[in-house]
Amino acid sequence: MSELRSLLRAAREMLATDSAALEAEVLLGEVLQRPRSWLYAHDRDTVTPGRQQRFFDLLRRRAEGEPLAYLLGQREFWSLTLQVSPDTLIPRPDTERLVELALQHMPPEHMPPERPLQVVDLGTGSGAIALALAHERPQAHVLAVDRSLAALQIAQVNAQHLGLQRVGFVQSDWSEALGDASCDLIVSNPPYLRLEDPHLQQGDLRYEPSVALLAGADGLDAIRHIVSTAPACLHPGGWLLLEHGFEQGAAVRQLLHDRGLSEVTTELDIEHRERVSLGRVPEK
Ligand code: GLN
């Protein structure tokens, strides 16, 4: 039986990346069901052969490129721990910007209990955006929509674990199954990569569901579809907020304008790149 510290040393060599030490500890913590801090105080403890085997299996898969989030089955987003699987995109920090902007359009003081805001997250995946919004605005009605039943099931489990009981779930191809003019805010992080995007061959993206990443030759197919259909589900004055690629701001603003939305703008992400565009259905 090997000591923890020699296992971690071997693991760092196997992973051989900048984050090897951290990832090795996270994976060993997972196998031992202990926090990383525990490992430091027990680095001379021995590990049973069965657990050692499981640790090296995970390391091998990680070294081959499988995303850490899929190996652990979870990822943090907006300080919430979310279950993820290869049926869902791995939530990214960029998308927290979309959550921030959505929250700005959900002022708590504008939500009387008799008329809670109706918010829809199109293509919810693991539920990241919908659940972050529901967590911050418990008085709102949030509907998480996805075409993939497997993704919706994960989003539902996440809602249960987080105790977010007011979130609804609907299987639908974008807004197709929603009625007309019933919501105040629609948010989406749709697929927006070009078929030829070289990033698709790199890192975690190789393992993520292509339906959550790819959107035609220019990466705008899903956004075009959402912009043309989703505003029908918004009240006058309601907002549509879309995440997109940092080079797609001008194109998305044009689509929003062409659809007749007003107050069209693009907001930047933490790296000062155009990342979220929004527009509003004009008041009558
Ligand atoms: N932002 C993601 C990436 O470039 C893409 C996610 C998406 O298409 N919605 O990795």
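Read-outs: derived from the displayed coordinates by stated rules, not from any lab. Just so it is clear, the structure is predicted and the values come from calculations on it, not from any experiment. Virtual Cβ from ideal backbone geometry, glycine too; neighbours counted across all protein chains shown.
Looking at segment 51-196 alone, DSSP beta bridges between its own residues are antiparallel in about 25 percent of cases. Estimated purely from DSSP H runs of n ≥ 4, each contributing -39500 (n - 2.57), the mean residue ellipticity at 222 nm for the chain is -11000 deg cm²/dmol once divided by its residues.
Between residue 92 and residue 210, the simple label model (points 7 Å from Cα in the Cβ direction) yields a spacing of 1.8 nm. Approximating the spin labels as points 7 Å out from Cα along Cα→Cβ, the residue 114-to-residue 46 distance works out to 7.2 nm. Ranking 248, 131, 48 by how far each Cα lies toward the positive end of the dipole of the chain (charges on Cβ) leaves 48 at the top. Find out how many positive minus negative residues lie around residue 68, taking Lys and Arg as positive, Asp and Glu as negative, among other residues whose Cβ is under 15 Å from that of residue 68. Around residue 68, the surrounding residues sum to -2. Highest average first, the peptides 118-129, 81-92 ordered by how many other beta carbon atoms sit within 10 Å of their residues are 118-129, 81-92. Bridges between two residues of the chain, per DSSP, are antiparallel at a rate of about 45%. Ordered from longest to shortest, the equivalent ellipsoid semi-axes for segment 59-103 are 24, 10, 8 Å, each the square root of 5 times a Cα gyration tensor eigenvalue.
Remark: the chain carries a charge dipole of roughly 680 debye about the Cα centre, counting +1 on each Lys and Arg Cβ and -1 on each Asp and Glu Cβ. Take 231-238, 185-192 and order them by the average number of nearby Cβ atoms within 10 Å per residue, most first; the result is 185-192, 231-238.
Each Lys or Arg adds one and each Asp or Glu subtracts one; over the other residues with Cβ under 11 Å from the Cβ of residue 124, this totals -1.
If R0 is taken as 35 Å, the Cβ-Cβ distance between residue 18 and residue 81 corresponds to a FRET efficiency of 0.90. The convex hull drawn around the Cα atoms of the chain, when projected onto a plane and averaged over every direction, covers 16.1 nm².
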